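> Here it is, the structure in full.
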């Protein structure tokens, strides 16, 4: 047991009794800011009457899901915004959703998670994210000055910024912060040249990621438009019949969806190939002894959800000795990985291209690997797997009750669209842009931490 003494006047001033608040690592960051101010540096409060930003969150709202054919808008769950390529979790009715405009994201807005175990990081809304609605579960931060806005994002995502934010968390099971907590956050303003350098790095990162998302969306959409349209001849509610002779050891209806069979026939006629013809598919065992260690003594391990995130939330490090053959869990640059287990109607099967920054990382047994065979265009293979034509085939083969699962042979049986005129090198470049954007954001936040550490050591 750790014991720490706190002056009663400090307890009265804080108005709380939870020990975390008084022993938080944020105290060191706050002490560094005080030292910096004693040496002539200035700070600003994020929100409130004297703040530099408008800090707010929309009210809770009743989700009115759009019916077929009804005017609708795409909706994201809070943690979807951290993905490389966020996709709608649902579609909300624009006619039956009250105060719709307050949930619409806008370019330049900073959004900060306010519930959960991680309470971060913050994200800048780009033109791609601005297409979506987002609930009250993320706090909005709006700053008119572009230079200050980008600097604040780097500060919020620094280790010091996150510790200061988490110091004010409340809750028993689920941690929570309010817009009032975020508004009180003190932002240290470094020297002008350093602020400019940090803001410039964030600006480049936001622009790179935005262009990559928009270009990738255009590439997938254009590819799908060149393929046979996915359209049911009659409404799904009409159902279909299957001969007993056609049953393949399964009784779930999705596996026998005639639309999937139709898509497979169309792709085969166009010259499409099975995944097994162009790649190897691997999925290591999903059960192993878990032994998480610190960064210096372990290997980064991606879960299925983390695989999709450009900013990995709560990355864990696994002791290498846990695995009998650790190479079976590695992923390498040029591979394509996907969540092989999950929910078929959500992110199961969503492909991600592995770039150099994650080469040699580990991925759990819930992650499938698609390894292009020699001479196969890896960029095209990613794009082909991303099309709705391929995704619907894999999702139809998933099995399970609460959690859906797929196996290597399920992915191997997917028939891919023909390559047509796809230039895979352009697709790979978009993934390199994602990698560079992430590196720039991390460098910017590291500059903030380095500056605070400098003051702490004085």
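> What tally of residues in region 189-230 results from selecting those that are part of a loop (DSSP other than H, G, I, E, B) and farther than 30 Å from residue 389 by Cβ?
2
> Looking for something surrounded by fewer than 16 Cβ atoms within 10 Å (Cβ to Cβ), out of contact with any strand residue (DSSP E or B) (no Cβ under 7 Å at 6 or more places or on another chain) and outside any strand (DSSP E or B) - is there at least one such residue anywhere in region 300-312? So that I can check it myself, show each step before the final result.
Within region 300-312, the first condition is being surrounded by fewer than 16 Cβ atoms within 10 Å (Cβ to Cβ), and the residues that meet it are none.
There is no residue in region 300-312 that is surrounded by fewer than 16 Cβ atoms within 10 Å (Cβ to Cβ), out of contact with any strand residue (DSSP E or B) (no Cβ under 7 Å at 6 or more places or on another chain) and outside any strand (DSSP E or B).
> Which ranges mark the strands (runs of 3 or more DSSP E) fully within region 79-127 that have 1 or more residues being more than 25 Å from residue 52 (Cβ to Cβ), modelled with pLDDT under 90 and touching a helix residue (DSSP H, G or I) at 6+ places or on another chain (Cβ under 6 Å)?
none
> Here's a follow-up. Could you please let me know if residue 180 is in a helix (DSSP H, G or I), out of contact with any helix residue (DSSP H, G or I) (no Cβ under 6 Å at 6 or more places or on another chain) and assigned by TED's automatic domain parsing to the domain that holds residue 149?
yes
> If you check 275, 220, which single one turns out to be surrounded by 15 or more Cβ atoms within 10 Å (Cβ to Cβ), touching a helix residue (DSSP H, G or I) at 6+ places or on another chain (Cβ under 7 Å), assigned by TED's automatic domain parsing to the domain that holds residue 393 and modelled with pLDDT of 95 or more?
Just one listed residue meets the conditions, 275.
> Do we find a residue being within 18 Å of residue 435 (Cβ to Cβ), crowded, with 19+ Cβ neighbours inside 10 Å and in contact with a strand residue (DSSP E or B) (Cβ under 6 Å, 6 or more places away or on another chain) anywhere in region 337-348?
yes
> What are the residues in region 34-77 that are crowded, with 18+ Cβ neighbours inside 10 Å and in a helix (DSSP H, G or I), if any?
Listed by number, the list holds a single entry, 36.
> Would you be able to tell me the number of residues in region 114-149 that are more than 18 Å from residue 183 (Cβ to Cβ) and over 20 Å from the mean Cα position of the chain (by Cα)?
Here the count works out to 2.
> Quick check on region 231-246. Is at least one of its residues in contact (Cβ under 8 Å) with a residue 24 or more places away in the chain and surrounded by 16 or more Cβ atoms within 10 Å (Cβ to Cβ)?
Taking every residue of region 231-246 in turn, none turns out to be in contact (Cβ under 8 Å) with a residue 24 or more places away in the chain and surrounded by 16 or more Cβ atoms within 10 Å (Cβ to Cβ).
> Spot the failing condition for residue 458; the list is (1) touching a residue at least 12 places away in the same chain (Cβ under 8 Å); (2) more than 30 Å from residue 268 (Cβ to Cβ); (3) assigned to a helix (DSSP H, G or I), and only one is missed.
Of (1) touching a residue at least 12 places away in the same chain (Cβ under 8 Å); (2) more than 30 Å from residue 268 (Cβ to Cβ); (3) assigned to a helix (DSSP H, G or I), only one is false for residue 458: (3).
Residues are listed down the side, and each one gets a yes or a no for (1) assigned to a loop (DSSP other than H, G, I, E, B); (2) in contact (Cβ under 8 Å) with a residue 60 or more places away in the chain:
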| site | (1), (2) |
| --- | --- |
| 314 | yes, yes |
| 321 | no, no |
| 327 | no, no |
| 337 | no, no |
| 380 | no, no |
| 389 | no, yes |
| 395 | no, yes |
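> Would a scan of region 358-377 turn up a residue that is under 16 Å from residue 272 (Cβ atoms), under 21 Å from the mean Cα position of the chain (by Cα) and in the same structural domain as residue 299 (by TED's automatic domain parsing)?
Yes, region 358-377 contains a residue that is under 16 Å from residue 272 (Cβ atoms), under 21 Å from the mean Cα position of the chain (by Cα) and in the same structural domain as residue 299 (by TED's automatic domain parsing).
> Test residue 194 against the stated conditions and say whether it is closer than 25 Å to residue 38 by Cβ and at pLDDT 95 or above.
Yes; evaluated as a whole, the condition is true for this residue.
> Identify the residue in region 88-120 that is in contact (Cβ under 8 Å) with a residue 40 or more places away in the chain and within 15 Å of residue 130 (Cβ to Cβ) and, among all such residues, is surrounded by the most Cβ atoms within 10 Å (Cβ to Cβ).
Quick first cut of region 88-120, residues in contact (Cβ under 8 Å) with a residue 40 or more places away in the chain only: 88-89, 92, 99, 102-103, 108, 110, 112, 114-120.
The next check asks that each one be within 15 Å of residue 130 (Cβ to Cβ); those that pass are 88, 102-103, 108, 110.
Details: 88: 16, 102: 14, 103: 21, 108: 17, 110: 24.
Once the filter is applied, the top-ranked residue is 110.
> Go through region 418-430 and report how many residues are part of a helix (DSSP H, G or I) and surrounded by fewer than 21 Cβ atoms within 10 Å (Cβ to Cβ).
So the count comes out to 5.
> Within region 254-271, identify whether any single residue is farther than 20 Å from residue 399 by Cα, assigned to a loop (DSSP other than H, G, I, E, B) and more than 29 Å from the chain's Cα centre (by Cα), and answer yes or no.
yes
> Return yes when residue 290 is under 24 Å from residue 368 (Cβ atoms) and either in contact with a helix residue (DSSP H, G or I) (Cβ under 6 Å, 6 or more places away or on another chain) or in contact (Cβ under 8 Å) with a residue 12 or more places away in the chain (or both) and no when it is not.
yes
The values are calculated or read from the model by the stated rules, or taken from the named source; none is laboratory data. This is a predicted model, so every value here is computed, not measured. All Cβ positions, glycine included, derive from the backbone under ideal geometry; neighbour counts span all protein chains shown.
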